[in-house]
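Beneath this line is the structure, given in structure tokens, with notes to follow.
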Amino acid sequence: MEENLIEVQSTQYIVVDLGIEQYGIDIKYVDNIVRMQNITRVPHSQHFFRGVINLRGEVVPVMSLRRKFGLEDDEFTDKTRIIILKPAQQEAMGIVVDNVKEVVSLESDNIEKVQNSKEEKRHIFAVGKNQGSLISLLNVNVIFDDLN
């Protein structure tokens, strides 16, 4: 019995919390997830740039996604994490998130592209549906555009 199979692409995302919202980060960009640590401030930098950390001898810049997205400021708890991302053709960068929830596989038919008319909304390229909840999928390369 031969069936007509439609090939459905599946992508893994790390789901993180920022306030009451869930965001998904394509796992191919994730280099490391580390506990919150001392961040050294860098004077005269963008408001969302928290500073730098020393990660095994490498200096890694860290930004606050909460500040970048215009949310209330970070509240550091025992669940706060820094996700080290390595976007295409760029140096490593850390982002502060409230909590790392899980890794999910989203099939292409559970992902809906969003039309971004506002500049600040371009950081989200799609919304994923997973077990009744919605996950805003981050466009990692666009998030770092402002730093270059």
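Would you point out the residue of region 96-106, among those that are assigned to a strand (DSSP E or B) and open to solvent by less than 60 Å² (accessible area, probe 1.4 Å), that is farthest from Lys129 (Cα to Cα)? Spell out the reasoning first.
So the first thing to find is which residues in region 96-106 are assigned to a strand (DSSP E or B), and the list is 96-97, 99-106.
Cutting the leftovers down to open to solvent by less than 60 Å² (accessible area, probe 1.4 Å) gives us 96-97, 99-100, 104, 106.
Numbers: Val96: 24, Val97: 21, Asn99: 19, Val100: 18, Val104: 10, Leu106: 8 Å.
Step by step, filter region 96-106, then rank; the result is Val96.
Might you check whether a residue that is of a type outside the set (D, E, K, R) and part of a loop (DSSP other than H, G, I, E, B) occurs anywhere in region 48-58? Spell out how you get there, then give the answer.
Quick first cut of region 48-58, residues of a type outside the set (D, E, K, R) only: 48-49, 51-55, 57.
Subset that is part of a loop (DSSP other than H, G, I, E, B): 48, 57.
Yes, some residue in region 48-58 is of a type outside the set (D, E, K, R) and part of a loop (DSSP other than H, G, I, E, B).
Against the conditions (1) part of a helix (DSSP H, G or I); (2) open to solvent by less than 60 Å² (accessible area, probe 1.4 Å), where does Asp109 fall short? Just the number, please.
(2)
Working only within region 46-58, note down all residues that are within 17 Å of Gln90 (Cβ to Cβ) and modelled with pLDDT under 95.
Hits for region 46-58 are Gln46, Phe48, Phe49, Leu55, Glu58.
Residues checked against (1) open to solvent by 20 Å² or more (accessible area, probe 1.4 Å); (2) without any contact (Cβ under 8 Å) to a residue 40 or more places away in the chain; (3) not β-branched (Val, Ile, Thr):
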residue: Phe49; (1), (2), (3): yes, no, yes
residue: Val52; (1), (2), (3): yes, yes, no
residue: Leu65; (1), (2), (3): no, no, yes
residue: Gly70; (1), (2), (3): yes, no, yes
residue: Glu75; (1), (2), (3): yes, yes, yes
residue: Arg81; (1), (2), (3): yes, no, yes
residue: Leu85; (1), (2), (3): no, no, yes
residue: Ala88; (1), (2), (3): yes, no, yes
residue: Gly94; (1), (2), (3): no, no, yes
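In region 29-45, what residues are open to solvent by 70 Å² or more (accessible area, probe 1.4 Å) and in a loop (DSSP other than H, G, I, E, B)?
Residues satisfying the conditions are Asn38, Arg41, Pro43, His44.
Within region 93-104, is there a residue that is at pLDDT below 90 and closer than 18 Å to Ile14 by Cβ?
Going through region 93-104, the residues at pLDDT below 90 turn out to be none.
No, every residue in region 93-104 fails to be at pLDDT below 90 and closer than 18 Å to Ile14 by Cβ.
The values are calculated or read from the model by the stated rules, or taken from the named source; none is laboratory data. The shown structure was predicted, so the numbers you read here are calculated from the model rather than taken from an experiment. FYI the Cβ positions are ideal-geometry reconstructions off the backbone, even for glycines, and counts take in every protein chain you see. Calculation scope for accessible area: heavy atoms of the full protein, side chains included, ligands and nucleic acids excluded. Shrake-Rupley method; radii C 1.70, N 1.55, O 1.52, S 1.80 Å.
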